[in-house]
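Heads up, the thing below is written out as structure tokens.
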Amino acid sequence: MFYRSPEKSRKLTEEERNYISSDHEEENEKEKEKIKWGTLFTYRTVWGLILGYFCTIWIWNIFLVFLPLYLIETYHISLTELGVYASIPYLGGVLGNIFGGYLTKKMVDRGMASPMNSKRILISTSAILTAVVVVILPFVHSIIFTVALMTLAICQEDLGRLLRTFHLLLSWHLLVQL
């Protein structure tokens, strides 16, 4: 309704039309270059994405599928109680998402790391801490400590997930530029 291709526009000067079409010629040259799927696996960035998302999806599946079952079978709680106990860890996830962005900004503001390195540091430490907490969970025999550890694990996982999403977008952009 409001868009017209530059070729059909009557308001563009010839100079503007040439400028716009020169940009399309560069895009067409890039589109002609094909990248084979196999060559993508030669980049460290791709392997980082694969590993990061494997860990993220694995942890989320544990909490989505086994959190309710674990609480019911281990602590014999009712469905009503399950709604309360199972929702608390996800509130920790919300806090982790918010705090992750804040923490990386503070690291950059204080000069501790560059923007990319601050994200990498936070992603790595949150993944390791999440794994440690998930390994400790079966050895805890109190529902309060179990829910607290689950909250900490999801908080840590979400702390890094927001940043992994940013890293994915940036990495995909870099791969497209190849």
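Within the stretch 1-20, the only residue that satisfies the criterion of being surrounded by 10 or more Cβ atoms within 10 Å (Cβ to Cβ), part of a loop (DSSP other than H, G, I, E, B) and modelled with pLDDT of 80 or more is LEU12. Residue count for the stretch 21-56 satisfying the condition of being under 30 Å from SER5 (Cβ atoms), among the aliphatic types (A, V, I, L, M) and either part of a helix (DSSP H, G or I) or modelled with pLDDT of 75 or more (or both): 0. Within the stretch 86-142, the set of residues being small (Gly, Ala, Ser) and part of a loop (DSSP other than H, G, I, E, B) comprises GLY111, ALA113, SER114, SER142.
Tallying residues that are more than 14 Å from the chain's Cα centre (by Cα) and either crowded, with 19+ Cβ neighbours inside 10 Å or among the hydrophobic types (A, V, I, L, M, F, W, C) (or both) within the stretch 124-161 yields 23. Could you list, in sequence order, the residues of the stretch 62-74 that are open to solvent by less than 80 Å² (accessible area, probe 1.4 Å) and of a type outside the set (S, T, N, Q)? Within the stretch 62-74, ILE62, PHE63, VAL65, LEU67, PRO68, TYR70, LEU71, ILE72 meet the criteria.
Scanning the stretch 91-124 for residues that are free of Cβ contacts under 8 Å to residues at least 40 places away in the same chain and of a type in the set (S, T, N, Q) returns SER114, ASN117, SER118, SER124. The C-beta contact set for the stretch 125-152 (first residue under 19 Å from ILE72 (Cα atoms), second residue among the aromatic types (Phe, Trp, Tyr) and open to solvent by 30 Å² or more (accessible area, probe 1.4 Å), distance under 7 angstrom, 6+ apart or interchain) comprises ILE143/TYR75; ILE143/TYR85; VAL147/TYR85. Whenever a residue of the stretch 43-55 is open to solvent by 60 Å² or more (accessible area, probe 1.4 Å), its partners that are not in a helix (DSSP H, G or I), lying with C-beta atoms within less than 9 angstrom and at least six residues away or across chains, give the pairs TYR43/LEU178; TRP47/PHE41; ILE50/PHE41. A single member of ILE59, ILE77 is modelled with pLDDT of 90 or more, surrounded by 12 or more Cβ atoms within 10 Å (Cβ to Cβ) and among the β-branched types (Val, Ile, Thr), and it is ILE77. Suppose we keep only residues that are open to solvent by less than 60 Å² (accessible area, probe 1.4 Å) and among the polar types (S, T, N, Q) within the stretch 80-123. Which one would you say is farthest from the chain's Cα centre (by Cα)? Restricting to residues being open to solvent by less than 60 Å² (accessible area, probe 1.4 Å) and among the polar types (S, T, N, Q), the top hit is SER87.
The values are calculated or read from the model by the stated rules, or taken from the named source; none is laboratory data. Note that the coordinates shown come from a computational prediction; the quantities given were computed from them, not determined experimentally. Backbone-built Cβ (ideal geometry, glycine too); neighbour counts: all protein chains shown. Remember, those area values only see protein heavy atoms, side chains included, never the ligands or the DNA or RNA. Shrake-Rupley method; radii C 1.70, N 1.55, O 1.52, S 1.80 Å.
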